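Structure record follows, encoded as structure tokens.
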Amino acid sequence: MSAPSSDEILRVEAALGVRLPQEYLSLLGRMNGAFIQGKIFDIPGGNNAGVSQFVPFDKVLYEKSLVEQTGPTQFVPIAHASGGNYVCMSMKGNEFGSIYFFDHEIPGENAFAKVALNISQFLDMLRPFSVDDVRLDPNDVGEVWIAPDFLKKIKGE
């Protein structure tokens, strides 16, 4: 996907009521709408989340309207995170340009967890997914059922 035009940028900035950070505009020049495979980042609380695609610039205002259904208005989604969540950029005063993880299942301000000071720091945080990143709490597993034919197959019977 090509970089947004100056007119597109001005239109979105007018709708948002802010000038977008140059770092974000530079990212759009290289990765507008780009898909990302197998990359994760850490979020507060010892968890991590995958990131799958940078939000295409022509969809930013629409995606922002989705975030605003459950969260505050001072955030702009910049990437899709796993589970229907977003990576967002703050438009608030002293937090301007900071990067947050948005959990769509949590209402209000608590839905946002700061993950990086800026886009560069966020990009540096991305790492390949590894099975070692999966942390299962034994208390979360009630029971497991395996199809008998499949069990025989994996046992080599």
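Structure notes:
- Take the Cβ atoms of Q121 and L151, set R0 to 35 Å, and the FRET efficiency comes out at 0.15.
- A straight chain from T70 to V144 at 0.36 nm per residue would run longer than the Cα-Cα distance by 23.2 nm.
- Cα shape, region 32-87, gyration tensor, a/c 1.5 rule: oblate
- Charges were assigned to the Cβ only: +1 to each Lys and Arg, -1 to each Asp and Glu. The resulting dipole of region 1-134 about its Cα centre is roughly 220 debye.
- Packing-based exposure ordering (other Cβ within 10 Å, fewest first) of R135, R127: R135, R127
- Taking the alpha carbon gyration tensor of region 6-132, multiplying each eigenvalue by 5 and rooting it gives semi-axes of 22, 17, 13 Å, largest first.
Each value in this text was obtained by applying a stated rule to the coordinates, not by laboratory testing. This one's a predicted model, so the numbers in the text were calculated from it and none came from an experiment. Cβ: placed from backbone, ideal geometry, glycine included. Neighbour counts: every protein chain shown.
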